[in-house]
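This report concerns only the one structure given below.
The values are calculated or read from the model by the stated rules, or taken from the named source; none is laboratory data. Nothing here was measured: the structure is a model prediction, and the numbers come from that model.
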Amino acid sequence: MSSKRKLIMPTEAEDAAINAGIAADPDTYELNKAEFKQLKRVGRPPSVSPKVSLTVRYDADIIEAFKAGGDGWQTRMNHALRDWLRTHRV
């Protein structure tokens, strides 16, 4: 799928003005190569029990019922399946 948006790059003069503004900003600090190598990725830590992504098909009325409860419907569906597994043999 391709976007119909056209990317407009700055001219050399605009790019120079942008870089001059960055250089003039006292809060801007550019890391050197050694400092850049020391950076660590940040974000969400790995989950102890990660979720598995898959494609599955349910009847529309089942999905509508869970979605009717608002955000968190997938989590509620997961809890419902977990509850069912506690009382049924697979």
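I need a count of the residues in segment 40-52 that are of a type in the set (A, V, I, L, M, F, W, C) and modelled with pLDDT of 90 or more. Of the residues in segment 40-52, 2 are of a type in the set (A, V, I, L, M, F, W, C) and modelled with pLDDT of 90 or more. Would you check which residues across segment 1-39 are at pLDDT 95 or above and of a type in the set (S, T, N, Q) and list them? If the condition is that a residue be at pLDDT 95 or above and of a type in the set (S, T, N, Q), then Thr11 is the only one that fits.
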